[in-house]
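Participant: Structure provided below as structure tokens; questions to follow.
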Amino acid sequence: MRGNKMNEVRMNCPSGHGKMVVRKAKKRMTFRGVKIIVPIEQYICIVCGAEAGTVNQAARIQKTIADTYRKAVNLLTGEEIVEKRKRLNLTQEALAKRMNVGIASIKRWEGGTIQSKSMDHALRIALEGQTVGDSCTGNRTFSIPRIKLVLKEFESVLGKHILKKNDKMLFAAKYLWYADMVAHRETGGSLTGSTYAALPYGPQLNNYKDLIEDIIRADESKAEPLNPEEKRIITRIAMKFSEERMVYDAAHKEKIWKKQPNGAIIPYTDSVELTGV
Ligand SMILES: [Zn+2]
């Protein structure tokens, strides 16, 4: 506290009225098209009303504008990023690594630079994990070994391979999608935590191109074992769609896929509207 005070600049009125006082005020402004009210501090002369700010105050105001704006448009504020990061015991470096961005970005966002909408989404996933991912991951942490485990279970019921080398997951992803969606509908949680996108050829594992090799290589014994209820769901779906073509056709009739624009995420909250299983 004491050090802080010593850093504060003492301002005198340029017209010779002596020491100026600090005044807190609320300033209305339009920032990036959004009307915000920003609390500010400035020096004022109580005799003539002359106003002045210090460099410290200017830096604080910049941060305050950024945070007021972020709050108004529903982006995480710098303070919120710091608070959530510390709650997870993450250093700035660890968070940067988790998000695959430079540490300088984390420093800037925490310090008062406004992050983009997509970076805000990435921040929330890194900092809030499942809570934000509920509709994207169906209340489960994404697990590649579990995808492999679920596909293996399908293969054992179907008695054939559905995951092939150089696979585009055209059929495997449909089985997986039904299993995750039905599990979410009936147990409140998906099986694999996967996110699905609505593509022209049906629901598809989001970013499957980046995942496919890892799925093929994954060790399913590292995954949390399937419980009896989860196994029953997989068996039911496999029995219903004994041929790959059947699961493909059924998925194309689902309105929860049809209603999404190309490339959009199909939310798990729509699982109640499934009709095929
Ligand atoms: Zn004055």
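Here, each number is a calculation from the coordinates, and none is a lab measurement. Keep in mind the model is a prediction, meaning the values are calculated, not measured. So basically every Cβ, Gly included, is an ideal-geometry build from the backbone, and we count neighbours across all protein chains shown.
Participant: Magnitude of the Cβ-charge dipole of the chain, K/R +1 and D/E -1, about the Cα centre, nearest 20 debye? Walk me through the numbers on the way to the answer.
Facilitator: On the way: 47 positive and 31 negative charges, 245 e Å.
About 1180 debye.
Participant: Specify whether the C-alpha gyration tensor of the chain places it in the rounded, prolate or oblate class, a ≥ b ≥ c being the square roots of the eigenvalues: rounded for a/c under 1.5, otherwise prolate if a/b is larger than b/c and oblate if not.
Facilitator: On the way: a/c = 3.98, a/b = 2.95, b/c = 1.35.
Prolate.
Participant: Let me have the relative contact order for the chain, percent, based on Cα pairs under 8 Å that are six or more residues apart.
Facilitator: 14
Participant: For the residue pair K19 and A52, what label-to-label distance in nm results when each label sits 7 Å from Cα along the Cα-to-beta-carbon direction?
Facilitator: Label-label distance for K19 and A52, simple model: 1.5 nm.
Participant: Okay, which of region 194-236 sit inside 19 Å, backbone N to the point 7 Å along the Cα-Cβ direction of K259?
Facilitator: Residues passing the 19 Å test: 196-200, 202-204.
Participant: Any chance you could check the Cα centroid distance between region 228-277 and region 100-157 for me, in angstrom?
Facilitator: When both Cα centres are located, 23 Å separates them.
Participant: Once you've got the Cα coordinates, tell me which of K165/K255; K84/K152; K97/K209; K84/K107 are over 26 Å apart.
Facilitator: Details: K165/K255 31 Å; K84/K152 37 Å; K97/K209 22 Å; K84/K107 14 Å.
Where the Cα-Cα span goes over 26 Å, the pairs concerned are K165/K255; K84/K152.
Participant: Now, a different point. Determine the dipole magnitude for region 14-96: charges of +1 sit on the beta-carbon of Lys and Arg, -1 on that of Asp and Glu, nothing else is charged, the reference point is the Cα centre, and the result goes in debye to the nearest 20.
Facilitator: Details: 16 positive and 7 negative charges, 52 e Å.
Magnitude of the dipole: close to 260 debye.
Participant: Next question, about the same structure. Taking +1 at the Cβ of each Lys and Arg and -1 at the Cβ of each Asp and Glu, which of Y208, V277, A238 sits farthest along the dipole of region 185-277 towards its positive end, judged by Cα position relative to the Cα centre?
Facilitator: Result: V277, furthest along the dipole toward the positive end.
Participant: Another question, if that's okay. Step through the residues of region 240-255 one at a time and calculate ³J(HN,Hα) from phi using the Karplus curve (6.51 cos²θ - 1.76 cosθ + 1.60, θ = phi - 60°), rounding each to whole Hz and writing x for Gly and Pro.
Facilitator: 5, 10, 6, 10, 4, 4, 5, 6, 5, 5, 4, 4, 6, 9, 6, 6
Participant: Let me ask something else about it. Hey, what angle do you get for helix 117-128 against the long axis of the chain, alpha-carbon based, 0 to 90 degrees rounded to 10?
Facilitator: Between helix and principal axis, roughly 80 degrees.
Participant: Next up: If you build a Gaussian network model of the chain, linking Cα atoms that sit under 10 Å apart, which residue out of L199, L191, L176 swings the most?
Facilitator: With Cα springs under 10 Å in the chain, the top fluctuation among L199, L191, L176 is at L199.
Participant: Additional query: Cβ neighbours within 10 Å, averaged per peptide: list 143-149, 223-229, 26-32 in order, most packed at the top.
Facilitator: Values: 143-149: 22.1, 223-229: 12.6, 26-32: 10.9.
Top of the packing list down: 143-149, 223-229, 26-32.
Participant: Next question. Could you compute the FRET efficiency for N100 and D214, with r as their C-beta to C-beta distance and R0 at 22 Å, rounded to 0.05? It would help to have the intermediate numbers written out before the result.
Facilitator: Working: r = 16 Å, r/R0 = 0.71.
That pair, N100 with D214, gives E of 0.90.
Participant: By counting other Cβ atoms within 10 Å of each Cβ, how are S105, S194 ranked from fewest to most? Let's see the in-between values first.
Facilitator: Numbers: S105 17, S194 27.
So the ranking, lowest neighbour count to highest, is S105, S194.
Participant: Okay, next question. Roughly what angle does helix 78-87 make with the longest principal axis of the chain, taking Cα atoms, 0 to 90 degrees, to the nearest 10?
Facilitator: Long axis of 78-87 versus the principal axis of the chain: about 60 degrees.
Participant: If r is the Cβ-Cβ distance from T269 to T235 and R0 is 22 Å, what FRET efficiency results, to the nearest 0.05? Can you show the working numbers first?
Facilitator: Values: r = 25 Å, r/R0 = 1.15.
So the FRET efficiency works out to roughly 0.30.
Participant: Here is a follow-up. Please give the FRET efficiency for H121 paired with N89, using the beta carbon to beta carbon distance and R0 = 30 Å, rounded to the nearest 0.05.
Facilitator: Calculated transfer efficiency: 0.85.
Participant: Follow-up question, since we're still on this one. With angles folded into 0 to 90 degrees, how steeply does helix 208-217 sit against the dominant principal axis of the chain? Use alpha carbons for both and round to 10.
Facilitator: Approximately 60 degrees, to the nearest ten.
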